[in-house]
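Asks: My questions will all concern the structure given below.
The values are calculated or read from the model by the stated rules, or taken from the named source; none is laboratory data. Worth saying up front: this structure is predicted, and the values here are computed from it rather than measured. FYI the Cβ positions are ideal-geometry reconstructions off the backbone, even for glycines, and counts take in every protein chain you see.
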Amino acid sequence: MFEKEVYIKRRQSLKSLMNNGIALFVGNVESPMNYPDNTYHWRQDSDFLYFFGIDLPGLAGLIDFNSGDETVFGNDFTVDDIVWMGPQPTVAELASLAGVGLTHPMAKLADMVHEALDEGREIHFLPPYRAETKMTLGALLRENPCQMRTRASEQLIRSVVSLRSIKEDVEIAEIEKAEDITCEMQTTAMRMCKPGVTEQEIYGVLQGIAFSHGAGPSFPIILSINGQTLHNHVHVNVLREGRMMV
């Protein structure tokens, strides 16, 4: 997480581009693999991270372009959570790290959104890509969840794109760190690329390098001797003399 001034400046910049209504940023939730407590690798929504910086599930952010209010919604950890995870910060403490002074339990979000709807205010949101987010937006906006992508705010999309297209110094520093990790992964793959080695063996080592740096790959690694098949995620082949690995 960056210094809170970074997030304050980003939200102020967004306010300067948007002149009416409220922007709703729904953070991601955990996505179960086969039962609720066994989840896929965690990844926060990038736009929620950009404006609010909190890398935890079950949160939402709201920016009111008329009043200027900024609010983070989320539920504090319970005793049941703390038994498994140890002491945890409150939502208010987390929000303060991003320079946000207003927080409410998640249940309050529906009340505020419904009040805005009843007043005829415009509610801006970005196109959702997860089913859980579509369902949440559908419930909040009293709309069919399947229509959430087409109902997204073009003005907010253009505003966010204009901000995120210009990288800040702190972002460039993180990009350079990622480049160093990528270089290590690439050169490791080159050294391991020998006849008799399996794609899976190289793939596993590259995954390990990414996670050993506390990052993980940004997308599933594409590694195959069948490079003619784009986005090939099958790693069962054995490298052979004369074949090229992509």
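Asks: Going residue by residue through the range 158-165, is there one that turns out to be β-branched (Val, Ile, Thr), touching a residue at least 40 places away in the same chain (Cβ under 8 Å) and either assigned by TED's automatic domain parsing to the domain that holds Asn19 or surrounded by 15 or more Cβ atoms within 10 Å (Cβ to Cβ) (or both)?
Replies: yes
Asks: Okay, moving on. Would you confirm whether or not the range 201-209 contains a residue that is within 22 Å of the chain's Cα centre (by Cα) and assigned to a loop (DSSP other than H, G, I, E, B)?
Replies: Checked the range 201-209: no residue is within 22 Å of the chain's Cα centre (by Cα) and assigned to a loop (DSSP other than H, G, I, E, B).
Asks: Of everything in the range 185-196 that's touching a residue at least 24 places away in the same chain (Cβ under 8 Å) and surrounded by 15 or more Cβ atoms within 10 Å (Cβ to Cβ), which residue is nearest to the chain's Cα centre (by Cα)?
Replies: Met185
Asks: Yes or no: the range 51-73 includes at least one residue that is surrounded by 14 or more Cβ atoms within 10 Å (Cβ to Cβ), of a type outside the set (D, E, K, R), over 18 Å from the mean Cα position of the chain (by Cα) and part of a helix (DSSP H, G or I).
Replies: no
Asks: Just to verify a result, which residue in the range 140-171, among those that are among the acidic types (Asp, Glu) and part of a loop (DSSP other than H, G, I, E, B), is nearest to Pro36 (Cα to Cα)?
Replies: Glu143
Asks: Can you tell me which of Leu137, Leu126 is surrounded by 14 or more Cβ atoms within 10 Å (Cβ to Cβ) and assigned to a helix (DSSP H, G or I)?
Replies: Going through Leu137, Leu126 in turn, the sole match is Leu137.
Asks: On to the next question. Taking the conditions exactly as written (crowded, with 17+ Cβ neighbours inside 10 Å, modelled with pLDDT under 95 and not assigned by TED's automatic domain parsing to the domain that holds Gly216), does Phe77 satisfy them or not?
Replies: yes
Asks: Still on this structure, I have one more. So which residues in the range 136-158 are within 18 Å of the chain's Cα centre (by Cα) and within 28 Å of Met1 (Cα to Cα), if there are any at all?
Replies: Those that are within 18 Å of the chain's Cα centre (by Cα) and within 28 Å of Met1 (Cα to Cα): Thr136, Leu137, Ala152, Leu156, Ile157.
Asks: Can you tell me which residue within the range 13-50, out of those that are loosely packed, with under 13 Cβ neighbours inside 10 Å and under 25 Å from His124 (Cα atoms), is modelled with the lowest pLDDT?
Replies: That would be Asn19.
So that you can scan it fast, the table gives a plain yes or no per residue for (1) at pLDDT 90 or above; (2) in contact with a strand residue (DSSP E or B) (Cβ under 9 Å, 6 or more places away or on another chain); (3) under 19 Å from His41 (Cα atoms):
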| site | (1), (2), (3) |
| --- | --- |
| Met185 | yes, no, no |
| Met192 | yes, no, no |
| Val197 | yes, yes, no |
| Glu201 | yes, no, no |
| Ser212 | yes, no, yes |
| Ala215 | no, no, yes |
| Ser224 | yes, no, no |
| Asn237 | yes, yes, no |
